[in-house]
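J.: Have a look at this one before I ask anything.
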Amino acid sequence: MKKSFFVLSLMAGVAFASNAVAGGSCGDNCTWELNKNGVLTISGTGDMYNFAQSPTIPWYNKID
């Protein structure tokens, strides 16, 4: 089954805590949050870590 994700960038200050499935850091000043609807929100400034391969992407297996 192929997984689909929607990426929203620079949404600083918007919280989806009640719908959050998982979240964490994805850069020195960047965070990510995946909600139960499959929406991935990446917030912050600066560079993200290089997630070159899908198994290393922290949100890859977080939604069924």
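The values are calculated or read from the model by the stated rules, or taken from the named source; none is laboratory data. Fair warning: this is a prediction, and the values are worked out from it, not measured in the lab. Please note: Cβ atoms are built from the backbone with ideal geometry, for glycine as well, and neighbour counts cover all protein chains shown. Heads up: the accessible areas ignore ligands, DNA and RNA and are worked out on the full protein's heavy atoms, side chains in. Shrake-Rupley method; radii C 1.70, N 1.55, O 1.52, S 1.80 Å.
J.: From the protein chains alone at 1.4 Å, what is the descending order of accessible area for K62, K36, largest first?
T.: Ranking K62, K36 by accessible area, largest first, yields K36, K62.
J.: Extension gain A52-S25, at 0.36 nm per residue separation less the Cα-Cα distance, in nm?
T.: Values: separation 27, 0.36 × 27 = 9.72 nm, distance 1.61 nm.
Length gained between A52 and S25: 8.1 nm.
J.: Another question about this same structure. What order do you get for 45-51, 23-29 when each peptide is scored by the mean count of other beta carbon atoms within 10 Å, highest first? The partial results should precede the final answer.
T.: Values: 45-51: 11.1, 23-29: 14.7.
Descending packing order for the listed peptides: 23-29, 45-51.
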